[in-house]
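No lab work stands behind these numbers, since they all come straight from the coordinates. Computed from a prediction, not measured in an experiment: that's the story for all the values here. Cβ placement follows ideal geometry from the backbone for every residue including glycine, while neighbour counts extend to all protein chains displayed.
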Amino acid sequence: MAKDAQGLTITGTANSADALDRAIADYYAWKGDPVALLQDAAVADPAFSLGHSATASLFLLSGFTGDSPDVVEALTAAEATASGATTREQMHLAAAQAFARGEMFRATDIWEDILLDTPRDPLALRFAHDTYFYLGASQSIRDSVARVLPHWSAADQQYGYILGQYAFGLEEAGELGRAERAGRQAIEINPEDGWAVHAIAHVFETECRQEEGIEFLIDSRPQWGKGAALAVHNGWHLALYLIEQGRLDKVLAGYDIHIQPKIADDALLDLVDAASLLWRVELAGGSVGDRWQELTRQWMTHLDEHVLAFNDLHLAFCAARSGDADNVTRLRASLDRYAKDGAGDNHATTVAIGRRLIDGVLAFANEDYAHTVDCLLPIRYQAIRIGGSHAQRDVLTQTLIAAAERSGQLSLARALLTERLALRPTDKTRSQLDHVSAALTARHSQPH
């Protein structure tokens, strides 16, 4: 049997092992087309079971539904060759099957079991990492890497990228100093490591270091821009700093240059970033013109997928702001069907949390701000269950604050802004708090 770059046995030819190594390198670097590499190798080498199951996992992690033809075909091929595969490869298949059934927690358990015996399995490590991100499992994002990091060294091609993963996990777990140090170490090893750049961007955002963040991302864009699959997201982080500074024209100019041309490519991460960005610009008082229309048309093609409540939330931003009431009607009907007939981890999250968040943003767009508060306030600390990062979910906090103010619940708005100022002491937050406090004082001074 052949072996991969980590010395792990692969059922298949040496060419298949080589294709696997190249696919893993592309996957970690957010470059190229790892799926195509694996599919081509599996066509040439039908016994390459891991090629089939890894293809299924990559499709699923890209937002494909478990019953999509591409996923079903890859799983069927992996199942047909499983009897000749190694135990580790059979476990990879089991994880992909679980994910396809909507059992994401079960999939991570299987990948973690693989890592117990083979801590140098780069697929299990990265598949678990990405899935924990979808589940909002901040500590697992960190600890999954921490458990295996001593088994890797600078001699390994993926070592820098794994440090970048660790940096992001540290940041999401609140260890910002360690996260920045790990991220910078990863970038020293590989300046094109977009995920490590992304981890540091999160640190700057959380610590309100906007000027540093702007300089860092602009200066390093020639490097991180080479990781095409992550380029829009790192540009999104740049936009967050600019929004905080009130530079909305520059944000929209960046949207038109870097995001709008990629909408038709239908990458879900890019669609998420686009929707989030337009919603945040409007929360900040800007006008986005007709930009919602094209984005909504693309998002609505995913109406009935319900892979992640996090994705559905961003679809809801678009449906609500598209100007077409039918989009909202169709979204509600699709979510009703999913609540009735769906299954799996995301179904449970959608029913418990996701639907209420979506109802809140739909109410906000309909200017029913009191109902937005009723939807978002009681569950805001549970929103982590929909996945994504702290920075991405912050859009919900911003929406809640705006709804509290616009509904006349000024004491609540003041309390939320006071809380936010303690965490994010920016001029924008301080100005918002001063405005709300002045309005509340004026209200109290009026004769009864």
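Structural remarks
- Where only alpha carbons of region 249-400 are counted, the Rg and the Dmax (Å): 14.5, 44
- Anisotropy class of region 1-135 from Cα gyration tensor, a/c 1.5 cut: rounded
- The magnitude of the dipole of the chain, with charges of +1 and -1 set on the Cβ of Lys/Arg and Asp/Glu and taken from the Cα centre, is near 1180 debye.
- Averaging the Cα positions of each part gives two centres, and for region 33-78 and region 187-260 these lie 32 Å apart.
- Pairwise Cα inverse-distance average, inverted: Kirkwood Rh of region 135-269 (Å): 15.4
- With Cα atoms defining each centre, region 265-279 and region 93-167 are spaced 25 Å apart in the structure.
- Relative contact order computed over the chain (Cα-Cα under 8 Å; 6+ residues apart), in percent: 11
- For Glu212, Glu89, order by how many other beta-carbon atoms lie within 10 Å, fewest first: Glu212, Glu89
- Cβ crowding within 10 Å averaged over residues, with 9-16, 255-262, 78-85 ranked highest first: 9-16, 78-85, 255-262
- Shape call, the chain: gyration tensor on alpha carbons, a/c limit 1.5: prolate
- Amide H to amide H distances under 5 Å link Glu103 with Asp345, where only residues 5 or more positions off or on other chains count and H is placed in the peptide plane.
- Sorted into 5 angstrom bins from 0, the C-alpha pair distances of region 408-448 split as 5, 28, 29, 19, 11, 5, 2, 1 percent.
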